[in-house]
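Structure first, then comments.
Every number here is computed from the coordinates shown, using simple stated rules; none is lab data. What you see is a predicted model; the values in this text were computed from it and never measured. Please note: Cβ atoms are built from the backbone with ideal geometry, for glycine as well, and neighbour counts cover all protein chains shown.
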Amino acid sequence: MPRLAVGSIFTECNHLGGAPLQLADFERGELTRGDALLATTHGTLGGALATLRAAGAKVLPTLAASTCPGGPLTADCYTALKGELLARLVDALPVDGVLLALHGSATAENAADLEGDLLTAVRELLGPHIPVVSTLDLHAHVTPEMVTQATALVAWETYPHRDAYSTGERGARLLIDTIAGKCRPTMALAKVPVITAALHGGTDGPAPFADVMRFAKWHEGRPGVLSTSVFLVHPYLDLPGLGSGGLVVTDQDAALARRLACDIARLYWNRRTELEPVVHRPAEAVALGRQIAGGPVLLVETADCCGGGAAGDSVASLKALLAAGADLPAIVPVVDPTVASLCHTAGLRGQVTVDLGHRVDSRWGTPVCVTGVVNHLCDGRFQYEGGIFDGQVGDMGSTAVLRVGAIDILVTSRGTYDWNGEQLQRVGLDPRSVKFLVVKNPMNFNMAFRPFATGVFILDTPGPTPASVRKVDFQRLQAPWYPRYPELSWSEPQVIESAFAG
């Protein structure tokens, strides 16, 4: 019976904006230990735990921590989480292997490469021979430390993310097979300097990233290929070495891993221009949307995506709708804890005049003064159905619906990850009944709302999660990179190989 430790520190961070992540954010999200961790049935850990148990392993829990994305973790927060995970791992020793469910694009004030730092610390505890397998989001910023310190890295395959559970299963099976001597993983990562946002990064249907993913996954069936992954890097990190590409895990065949990873990266480079979106200013999008019969017309304000680390407090779309007359039914989400509190004080059907928006992260705009009637009040708690947080409780904090003219403003105290419209369901708002629907996620709106939308406009608005990063003035990311330099000529991918690759 192999003794296997499991753990997780999972979130996505943003260097361009968003509030720093504190330990309290993880406590509101998911922070479990011991028997509570072992009881996890959802997400990557759920899939891993079920697979490890089925293989007859003795599972030893450390720490599982996850939260909605934001700015970098504070030093105190990361020190506490890392310290507890490592202490529990020490208590579990000796172990035959470790599985860590990580994101790959987390960062902290005291650890720019959080996952690389954590994997290095785990490796220092275990020595060079104990297998360590980590699962990653396909938006991971995969670093040399992550590749050299892990035995194998296995990434999610779908966006919108529907395969967290099955990725946990795949990672666990690879760990079990490695311990049993059925395989000896070798790894190669090939990266190209492509930094694009996620709007055209879906894995369904005919699409540029989907085609690259299908190419990579076709090779997974080849003899000696244990796993293939494609990374559309989280573009809102300002770190050296940022890039997208492919990672291949083979069974003792370093040359094959390197060759296939480079093939994936070359194809990614060849499709790079298709990943850049066409964008509209909010006023232009509203004007064009009014010419479309029916609704909802989706205004995709991706620059304010809580799921990418933004605060969710922008009112850029709301200002455009108000300027157009506020006479057409619309739904607009805005994070503003002060206004949410004022609405609760006013009570149901109360009238308030408030300055709304840009209160959490004021760098991206100014508030708008509105007068409206409070149409709904609640505690903001809801349950996710499907996706990476399936079964978990989301928490918008004190929440209100403020009606201004024909516009329903969903005012929440905290930002939450958008999956399938659960937040609107919680407050009784029907997206099918409005002319305009503002959404602040670059991908999941395709699943939640696009099937019945009459039009979609991607907005060019200020914010830390813009639709394109071509105008972002990165400080630590070295030039040149696409799309900032559209005429950039291509050279061979940067290749990073695992410690076992000879």
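Structure data summary
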| read-out | value |
| --- | --- |
| Residues MET443, MET187 arranged by fewest to most Cβ contacts within 10 Å | MET443, MET187 |
| Whole-Å distance, taken between Cα centres, linking the stretch 384-423 and the stretch 307-326 | 15 |
| Alpha carbon convex hull of the chain, projected area averaged over orientations, nm² | 21.8 |
| Alpha-carbon Rg with Dmax, taken over the stretch 380-429, Å | 11.3, 36 |
| Simple spin-label estimate for GLN425 and ALA255 in nanometres, 7 Å along Cα-Cβ | 5.3 |
| Coil-residue trypsin sites (Lys or Arg not before Pro) of the stretch 129-229, DSSP, other Cβ within 10 Å capped at 12 | LYS182 |
| Distance (nanometres) between label positions extended 7 Å along Cα→Cβ at ASN270 and LEU348 | 6.0 |
| Stretchable slack from ARG222 to ALA479, in nm (0.36 nm times residue separation minus alpha-carbon distance) | 88.9 nm |
| Tail weight of P(r) past 25 Å, computed on alpha-carbon pairs of the stretch 1-182, percent | 25 |
| Debye log10 I(q)/I(0) for the stretch 290-344, one point scatterer per Cα, at q = 0.25, 0.26, 0.30 Å⁻¹ | -1.11, -1.15, -1.25 |
| In range of the label at THR366: residues from the stretch 300-319 whose backbone nitrogen is under 19 Å from the point 7 Å along Cα→Cβ | 313-319 |
| Positive-pole candidate from ALA64, GLY47, ALA75, dipole of the stretch 1-137, charges at beta carbon | GLY47 |
| Restricting the stretch 267-368 to trypsin sites (Lys or Arg not before Pro) in coil, as DSSP defines it, with at most 11 other Cβ within 10 Å | ARG349 |
| Two-decimal Rg to Rh for the stretch 135-208 - Kirkwood Rh, Cα set | 1.01 |
| Taking only Cα atoms of the stretch 9-95, radius of gyration then Dmax in Å | 14.3, 45 |
| Net dipole in debye of the stretch 120-210 [+1 Lys, Arg Cβ; -1 Asp, Glu Cβ; about Cα centre; nearest 20] | 220 |
| The stretch 353-502 - Rg over Rh from alpha carbon coordinates, Kirkwood radius | 1.07 |
| Under 19 Å from LYS58, Cα to Cα: aspartates and glutamates that are on another chain or at least 8 residues apart | ASP35, ASP91, ASP96, GLU169, ASP177 |
| Crossing angle, helix 337-346 versus the chain [Cα axis fit, 0-90 degrees, rounded to tens] | 40 |
| Convex hull volume of the stretch 282-458 per residue (C-alpha atoms, cubic angstrom) | 97 |
| The chain - share of DSSP beta bridges that are antiparallel (%, nearest 5) | 50 |
| Antiparallel bridge percentage (DSSP; both residues within the stretch 1-182; nearest 5) | 15 |
| In nm, spacing of pseudo-spin labels at ASP379 and GLU124 (7 Å Cα→C-beta vector) | 4.2 |
| Interchain or long-range residues, amide H under 5 Å from LEU73's placed H | LEU21, THR107, ALA108, GLU109 |
